[in-house]
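See structure below.
Just so you know, all these numbers are worked out from the coordinates, no wet-lab data involved. None of the values given here were measured: they were computed from a predicted structure. Using ideal geometry, Cβ is built from the backbone for each residue, glycine included, and neighbour counts are taken over all protein chains shown.
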2 protein chains.
Amino acid sequence: MCQLLGMNCNVPTDMNFSMDGFYLRAGQTDQHCDGCGVAFFQGKSVRIFRDNLSALTSPIAQSLRKYDLKTLNGIAHIRKATQGEINLENTHPFLRELWGENWVFAHNGNLTALPHLEENNIIFYEPIGTTDSEAAFCFMANQLKNKFKTKPTEKQLFESIKEISQTLQENGTFNFLLSNGEVMFAFCTTDLYYITRHAPFGEVLRVDDDAVIDFRPYTTERDKVTIIATRPLTKNENWVKMEKGELCLFKQGERIK
Amino acid sequence: MCQLLGMNCNVPTDMNFSMDGFYLRAGQTDQHCDGCGVAFFQGKSVRIFRDNLSALTSPIAQSLRKYDLKTLNGIAHIRKATQGEINLENTHPFLRELWGENWVFAHNGNLTALPHLEENNIIFYEPIGTTDSEAAFCFMANQLKNKFKTKPTEKQLFESIKEISQTLQENGTFNFLLSNGEVMFAFCTTDLYYITRHAPFGEVLRVDDDAVIDFRPYTTERDKVTIIATRPLTKNENWVKMEKGELCLFKQGERIK
């Protein structure tokens with residue numbers, strides 16, 4: 001199994017406070033040591049930094065802080081391998097271009113089988129590595145592109161992703177984050193929590209090392225930031241636990257579906 | 001216009017000596033300051049580091065040395081914008097999955113138009129940014145995937161890429177590097193040179209700053225390394241200038257077609 005961290009905001013925000021706690025789970029407060037990756041969207045583009053080392057020992061992961069990257073949508077993943085060797089091609093998040101946009105996907109869980117594509121469907125996407133996760137992402141992207149030649153409405157996209165995800169979770173555990181840099185989808189089979197922060201901001205206390213941050217100096221009245229994670233990252237906030245089979249859509253820092 | 005740097009080897013090799021000279025052209029010995037990017041293949045996977053800053057000022061580019069990344073195939077690009085804004089989505093190299101493999105593309109030149117895909121062709125790939133370069137890459141990938149449902153032989157691939165490239169250069173300058181991590185294609189309209197290094201290795205002298213390296217302590221009898229660049233990077237080696245319309249295929253460090 002693995003752990004997921006996502007952020008969706010209405011102003012470009014760094015993920016440092018969340019990432020610092022999250023990465024402690026890659027060998028210190030938990031055992032997710034088989035690779036790490038993070039995607040930071042910047043406009044229509046995305047920067048992905050991945051390593052097959054643990055987030056705590058990877059020089060690539062450890063350099064991130066000094067880049068001071070701010071984003072509206074970020075997805076991080078620390079891996080504990082279930083299916084697929086420990087190597088770079090099996091490291092999340094995965095990326096594909098869909099309708100002229102970058103789509104980034106990271107998964108926590110384990111799927112024992114995937115449905116077959118319908119016979120007359122076109123295969124637009126194929127996995128590069130050997131994980132169930134990348135295969136599931138390709139299955140989803142193939143379903144979507146066969147159904148919609150051009151990008152559908154947000155409502156159509158939401159309904160389709162929900163339907164595909166509920167089918168996929170029939171074969172196991174399928175918690176995932178998916179973003180195109182504008183919106184963030186989160187789907188839960190077993191473990192996914194979120195918290196939306198907005199004014200008045202205050203102090204929060206990190207679960208993994210009791211570090212404290214006061215968000216007031218860094219925020220304005222209109223800022224909205226949602227953090228999504230496999231397990232809550234702070235102690236003194238009311239994280240919402242998602243239900244089995246629930247799909248959330250976050251945009252501009254808050255849940256809209 | 002931009003500049004290209006590629007490396008193809010038979011043993012994992014770092015690109016440091018070449019990159020250090022090449023990056024001086026991003027503001028010091030030349031003016032390619034509108035972004036930089038480099039792709040390092042690792043097995044079937046690839047790490048891409050891009051920035052919309054100059055290679056000489058980008059903290060991301062400046063961190064690369066300490067990761068000590070060795071690769072069989074690397075592609076680097078420094079941009080001087082012709083078409084498309086200076087932003088991250090217009091920064092080379094570009095990436096698409098084709099036949100379950102990562103394919104990375106970087107371009108130097110300027111295309112004023114692109115042919116249309118034939119009417120019954122499927123659109124597998126669409127550009128994300130607004131450069132002629134990414135559009136040309138998508139055109140090529142669409143042509144290839146429409147023609148070959150699964151990966152063709154090396155000979156078929158070579159012939160097809162050559163034909164597509166010669167068509168594309170009818171509308172301008174089309175120097176490019178293209179790799180899937182196993183082989184490296186280089187196509188020349190105007191400016192592309194290569195040098196193949198093998199035993200006995202010796203000292204080489206860098207063009208951009210007169211730095212010297214002796215490769216002997218770092219190499220073995222059987223090592224082969226080909227470097228491809230828009231302009232030669234060393235003074236005391238016989239770089240081969242490619243012809244207009246010529247496609248080269250490099251594998252295991254040497255030219256095979």
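Distances, shortest first, from the label point of A:N238 to those at the same position in the other copies read 7.9 nm; the point lies 7 Å along Cα to C-beta. For the residues of B:75-88, the average number of beta carbons from a partner chain within 10 Å of their own beta carbon is 1. Judged by the ratio a/c of the largest to the smallest principal axis of the C-alpha gyration tensor, the stretch A:148-195 counts as oblate, that ratio being 1.5 or greater while a/b is no larger than b/c. Going through the cross-link list A:K162/A:K241; B:K66/B:K251; A:K80/A:K257; B:K151/B:K224; B:K70/B:K224, which pairs have a Cα-Cα distance over 21 Å in this structure? Flagged as over cut-off: B:K66/B:K251; A:K80/A:K257; B:K151/B:K224. Legend: translational diffusion of the protein assembly as shown by Stokes-Einstein, Rh = Kirkwood radius over C-alpha pairs, 37 °C, 0.692 mPa s; D = 138 µm²/s.
Amide hydrogen proximity for B:G35: with H placed 1.01 Å from N in the peptide plane, the residues at 5 or more positions away or on another chain lying under 5 Å are B:S54, B:A55, B:R79. Charge tally for B:T230 (other residues, Cβ to Cβ under 14 Å; Lys, Arg +1; Asp, Glu -1): +2. Residues whose amide H comes within less than 5 Å of that of A:V11, counting only those at least five positions distant or on another chain, are A:K224 (H built at 1.01 Å from N in the peptide plane).
Each part reduced to its alpha carbon centroid, the stretch A:112-132 and the stretch B:1-31 end up 38 Å apart. Helix B:154-168 axis versus longest C-alpha principal axis of chain B: approximately 80°, rounded to the nearest ten.
Inter-chain Cβ neighbour count for B:181-194, averaged per residue, equals 0 (cutoff 10 Å, partner chain atoms only).
Applied to the stretch B:49-59, the Karplus parametrisation 6.51 cos²θ - 1.76 cosθ + 1.60 on θ = phi - 60° returns per-residue 3J(HN,Hα) values of 10, 10, 8, 8, 9, 5, 4, 7, 10, 5, x Hz, with x for Gly and Pro. Sorted on the mean count of surrounding Cβ atoms within 10 Å across their residues, most packed first, peptides A:75-84, B:81-90 read A:75-84, B:81-90. What does the charge add up to near B:C36, with Lys and Arg as +1, Asp and Glu as -1, over the other residues with Cβ less than 9 Å from its Cβ? Here the count lands on 0. Working from the Cα coordinates of the stretch B:3-255, the gyration tensor eigenvalues give, after taking √(5λ), semi-axes of 28, 21, 17 Å in decreasing order.
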